[in-house]
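Data block below; observations after.
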Amino acid sequence: MLHRTRENLWREAEETGFDVAVVGGGVNGASLYHELCERGYRVLLIDKGDFACGTSQSSAMMVWGGLLYLRNLDFKAVIEFSLSRDRMIQSLNGRIRPQVFRYVPAANNGRNRRLVQTALYLYWVLSFLRRRRPSLEVAFPEADLIKPDYRSAGSILFEEGMLNGSDCRFVLDWITRHSARGQVALNYSALEGGGYSNGDKHWRLELRDLLTNQTTEVRARCVVNCAGVWADRVNRQFGIESPYKHRLSKGVFIGLRREEQHEVPVVFDLGEHDDTLLYLPWGPVSMIGPTETPCATPEEGFRIDTEDVDYLLGHANRRLLKQVDCSDISMLRCGVRPLAVEKDYAADEYPLDLTRRFRMVRDKARPWLSTYGGKITGCNHLAKAVADAAAGVVGQARHSALQPNGEPPDIEWDDFPGMTEPVPSIGWCARHESCCTLDDYLRRRTNIAQWIPREGLGEQNENLPALQRLAKRLYDGQAAKADEAVRQHVRRVESHFDQLTGRKVQDNGNSSE
């Protein structure tokens, strides 16, 4: 495969007249980029951060059907999401797997077990029996980890879908498979302005490379706003009106060391707001969460507070035999759900009562499409619907023979302390996956920052030399830049993770200074 450097991609973006520019490199923007590329369009994908650096890096990685909608007897939504889930499991084999979940009802003050079992049977029927039939299991491995009140009634097994690897990898795989000329994906590229020209029927978009401060102007016949929680801001920036807006909800997970008996995801009755608590095995960690907290801005939503941590620890200790505290937390993750509501919406509903469906709006005056809401399960459906709408704006693709630049390159593997299996090397990720920063590699190209305590540093900074080696490879020949990248990583861990978990790291000579 021809290696396209960042400099080459920026030059190509400047020289190409694109059919569609997609703003936002999360799961919706990435899947739309893939769909448009597959149809032969010339497509530009831009994100002001790294790909999948927002909500799409902090999901539960579950591909749910429409179980949530049984609460309101919205059978149509149940059928739609179940169908979407099953199509994704079938068509994305290797990236999504069928996954059994274990629902554990509380003996007191929770949902009636028989009622839950009946609801899951109805859910199975509404999905046309395509998944595993729900079943009762009285004895199960996870029972050894759970307090008696949460295991005395047994458990109910049902099947959904689960991402393989990680949500970041799922997003990245949509993007990196396309390398033909006219298919350009740029991370760390801020959309700073622009406008539509009625003369040549093109948008002119002003971009700034946030890594080099380089600026350029690109042209596209149509723009699709897939900016997720930032979609409203992007629309305001370009004067786009819409009948919808986003209501934001913060979802926080904590991660604990995974016990051997934790084999399948457990769903606990939360006992609040008719909600549930997830206990998810993921590699060497078990995730507990998420929270469901309304927030006013994305910045507020992506900030984890001590209240979030205390809330999840409290629920964990009410259910798990082994009591845990802040020092047991090995990982934190936080995302913000963009929930589509009407523009004049002003109610104070619990976020779980709001729809997860996506909405799409076409501007009446200019070739601009906006997307709202959505979730992993519906990303394929959203991509096809929005691509159809874009085709209605720009016409059928005129470049049906866009061919990739060679075969996909073989992955170069590397080792990292504490990881039980090899990971893609940082050099390979930089050359082929737009890996630009140390955090890109630790958090999104690999699971190092999620699976190794203190975001890869280790409990006592024992992995600092390994991070320093990685930085030197990423910033080859730029020793000062490599050292500063490591220092920033350590400072971020100390000011965020350590503060929230009460870590006190001893000075054992492994210093970033």
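The values are calculated or read from the model by the stated rules, or taken from the named source; none is laboratory data. Remember, it's a predicted structure, so these values are computed and weren't measured experimentally. We place every Cβ from the backbone using ideal geometry, glycine too, and count neighbours over all the protein chains shown. SASA here: full protein model, heavy atoms, side chains in, ligands and nucleic acids out. Shrake-Rupley method; radii C 1.70, N 1.55, O 1.52, S 1.80 Å.
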* Net length gained if the chain between residue 135 and residue 396 were fully extended (0.36 nm per residue, minus Cα distance) -> 89.1 nm
* Structure fact -> Here, GluC sites (Glu not before Pro) of segment 18-126 satisfying both criteria (DSSP loop; at most 15 other Cβ within 10 Å) are none
* How many nm is it between the label spots at residue 192 and residue 323, if each spot is 7 Å from the Cα in line with the beta carbon? -> 5.6
* Asked: Sequence-distant or interchain residues sharing an amide H contact under 5 Å with residue 155, placed H: which?
  -> 137, 138
* By how many nm would the segment from residue 498 to residue 345 grow when fully extended, if each residue of separation counts as 0.36 nm and the alpha-carbon distance is taken off? -> 51.2 nm
* To do: Enumerate the lysines that residue 245 could reach by cross-link, defined here as Cα to Cα under 29 Å, with residues fewer than 8 away along the same chain left out.
  => 48, 76, 201, 343, 364, 375, 384
* Asked: So how far apart, in nm, are the two label points at residue 300 and residue 506 if each is 7 Å from Cα heading toward Cβ?
  -> 4.3
* Asked: For residue 250, which aspartates and glutamates qualify as cross-link partners when the Cα separation must be under 12 Å and same-chain residues fewer than eight apart are set aside?
  -> 292, 299, 300, 305, 308
* Starting at the first residue of segment 54-67, write each ³J(HN,Hα) from the Karplus equation 6.51 cos²θ - 1.76 cosθ + 1.60 with θ = phi - 60°, in whole Hz, x for Gly and Pro. => x, 4, 6, 9, 9, 7, 7, 6, 9, 9, 6, x, x, 4
* **Built amide H within the under 5 Å cut-off of residue 333, gap 5+** => 253
* Per DSSP H run of at least 4 residues, take -39500 (n - 2.57); add these up for the chain, divide by its residues and hand me the 222 nm value, nearest 500 deg cm²/dmol. => -8500 deg cm²/dmol
* Structure fact -> Interchain or sequence-distant (5+) residues whose placed amide H lies within less than 5 Å of the amide H of residue 295 are 248, 249, 250
* In square angstrom, rounded to the nearest 10, how much accessible surface does residue 437 have for a 1.4 Å probe? -> 30
* Whole-Å distance, taken between Cα centres, linking segment 258-321 and segment 153-195 -> 23
* Name the residues of segment 156-170 whose amide N is less than 19 Å from a point 7 angstrom out from the Cα of residue 411 along the C-beta direction? -> 162-170
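Whenever you get a sec, line up 186, 73 from highest to lowest accessible area (probe 1.4 Å, protein heavy atoms).
If we order 186, 73 from most to least accessible, we get 73, 186.
Residue 274 to residue 236: FRET efficiency via 1/(1 + (r/R0)^6), r the Cβ-Cβ distance, R0 25 Å, to the nearest 0.05?
Once rounded, the FRET efficiency stands at 0.10.
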* Cysteines of the chain lacking any other cysteine beta carbon under 4.7 Å? -> 37, 53, 168, 222, 226, 295, 326, 334, 379, 436
* To do: Find the centroid of the Cα atoms in segment 228-244 and in segment 80-152, then give the distance between the two in whole Å.
  => 38
* Structure fact -> Sequence order, segment 244-260: Karplus ³J(HN,Hα) from phi using 6.51 cos²θ - 1.76 cosθ + 1.60, θ = phi - 60°, Hz rounded, Gly and Pro as x, gives 10, 8, 9, 9, 9, 9, 7, x, 10, 10, 10, x, 10, 4, 6, 7, 4
* To do: With all protein chains present, calculate the accessible area of residue 360 using a 1.4 Å probe and round the result to the nearest 10 Å².
  => 70
* Asked: Can you give the % of DSSP beta bridges in the chain that are antiparallel, to the nearest 5?
  -> 75
* To do: May I ask you to rank 416, 358 by accessible area, largest first, using a 1.4 Å probe over the protein chains only?
  => 358, 416
* **Cα extents of segment 1-154 along the three principal axes, largest first (Å)** => 65, 34, 29
* Which whole-Hz couplings ³J(HN,Hα) result when phi for each residue of segment 201-210 is put into the Karplus expression 6.51 cos²θ - 1.76 cosθ + 1.60, θ = phi - 60°, listed in order with x for Gly and Pro? -> 6, 9, 7, 10, 10, 8, 10, 10, 6, 6
* Asked: In segment 199-251, what trypsin sites (Lys or Arg not before Pro) fall in a loop by DSSP, with at most 15 other Cβ atoms inside 10 Å?
  -> 201
* To do: Could you pull out the chymotrypsin sites (Phe, Trp or Tyr not before Pro) across segment 271-348 that fall in loop regions by DSSP (anything but H, G, I, E, B) with no more than 14 other Cβ atoms inside 10 Å?
  => 345
* Using a basic spin-label model with each label point 7 Å from the Cα along Cα→Cβ, how many nm lie between residue 74 and residue 388? -> 2.0
* Structure fact -> Extension length gain for residue 259 and residue 7 (0.36 nm per residue less Cα distance), in nm, is 86.1 nm
